[in-house]
Structure formats: C-alpha cells, structure tokens
Amino acid sequence: MQDAVGRLTEDPTCFSDAATKQMERMVADFGRMYRERNEALQEVARAHHDALLRLARAAEYRDGDTGVHIVRMGYLSAALARRLGQSAAQAELLMQAAPMHDIGKVGMPDDVLKKRGRFTESDRAVMNQHPHMGAEILGKSRIPLFQLAAEVALTHHERWDGKGYPAGLAGEAIPLSGRIVAVVDFFDALTMDRCYRPAFDDETALQMLLLERGHAFDPHVVDTFMAYACELIALRDRINREKLDLAAMTDLAALCEQDFMTETSTPRKEH
C-alpha cells in the first residue's frame, strides 16, 4: 500500500511468515490438546465402567446361579431402551448400569440368598433390603454412570401398581430405567435355571410377562418388549452361544447396536 505521498506501507491485513507459522503451531497445539482431553475423558469413562463390572463380579461370586444373567441384563436393557425411543447414548449408559441391579445381594446372608424353596416372612424382609443396600454401595456419586446404576438398584423391584418395594412407588413415579430393568430381569430370570426350579420356555415366560402387564410392569414397556421379543431373544441367544462374559460387554456394544437396535427390525405381530 502507499500513503498520501506515495510511500510504501505494510498491508495491515497481511501476516508475516513468522506470525503465520506461529498461528499454525498454536492451532496444531490446540488440536493436540483437544485430542488428549477426549482421550483422557474416554479413559475415565472406561475406568468407571470397569469399577462397576468388578462390583458385578463380586455379586456373581455371592449368587452363583446368575452367570451370564448380568451380561444379558446389560444388553437386553439397552436394546429395549432403544425400542422405547431412548438415544444411543442413554441406552449405552443403561447397558453399563443394568448389570448392577442386584449388587445389594452381596450383603445378603447365604441362608437367605441361596435358600431352596419358599421364603418365610423374615426371609423376605431380609431380601427386600437389597435394593437399599445396592444404592448405598454405589453411593451418592456425581458420576452419571454410578447415579444411574444406583437408581436401577433402588427401583427395579418397584411395581407399576404401587405394591413393590422398597418405597412403594407407582406408575411413572418409578424411573424409566427401573421399569425397563424390571421387565428384562423378570423375563430373563424366568428363562434360566435357578437353584429352586428349572427354566421356563420362552413362550411361557412371555405369557407370564403379559399377565403382569399393568400390575407389576409398565404396560408400554411390556408391549414394546413383546413387539420385539424375537429380536431380544435372538440377542440373548447370541450372548449365550458365544459365552460372553463381563469383559466382552464393550466389544458387543457395536454388534448390539448394529444388529438389534436399527430401524430395520420388524416388530412381533402376535403376542
């Protein structure tokens, strides 16, 4: 540029080579810092998940007939959550939290937890403490995953009709996470061998689930489970067939999302 008398001046809109290189370095540094921040957050999330899985393993040692039940609980709850319209992020969080639903059983005495046959009233009173115990184990955390796991542990034995425990919540006063896990837990527990009875077949278990629609369980959650029962059962069978354990849960997430949570699956037409 030239001034009024024709002298050359620097263009204020141009940067020197040195300034340009410095800006490029700053942009590169910010990019690296952003990537490192995201990697650190992912590592923290993995640590939170790992901590919960270790707690779940502790529960397995106490209640030997759960086996892959807690793995199935994670994926079936996530799949059902997606069918109910929850986002992929919400479903993934529930996938990680749902296996903690019975973590409070680590505090139950063996003579109650592993009892064969019917509970006495005192046995039932002891067993009914495990939701509170589970919520206390998980604590009042600021971590969203732990908060959801505590919510699930505390509320998955509440009933739609208000006759559940520990708080006697009814209807939509029960968090959706607890309503989802309650349905999945009921069906999966019925279709597995227990120390006090053999497994029911899938159709019988589905009919038993329908009988509790509007009583123990949210009607909409039951209807959604029934509509997609074929896909949910296929997911369960794949978990069983591949003998997946807790360590494999993260690896199955993409498979679960791709095969069983896409919009291409067709609902079951008949109950």
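Overview of values
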read-out: Qualifying residue in region 150-165 (condition: buried (at least 16 other Cβ atoms within 10 Å of the Cβ), more than 28 Å from Leu235 (Cβ to Cβ), in contact with a His (Cβ under 8 Å, 6 or more places away or on another chain) and not hydrophobic (A, V, I, L, M, F, W, C)); value: yes
read-out: Residue count, region 103-135 (criterion: touching a Gly at 6+ places or on another chain (Cβ under 9 Å) and aliphatic (A, V, I, L, M)); value: 4
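Each reported figure results from applying straightforward, stated rules to the coordinates on display, with no laboratory input. Remember, predicted model here, so these are calculated numbers, not experimental data. Don't worry about glycine lacking a Cβ; one is built from the backbone with ideal geometry, like all the others, and counts go over all protein chains shown.
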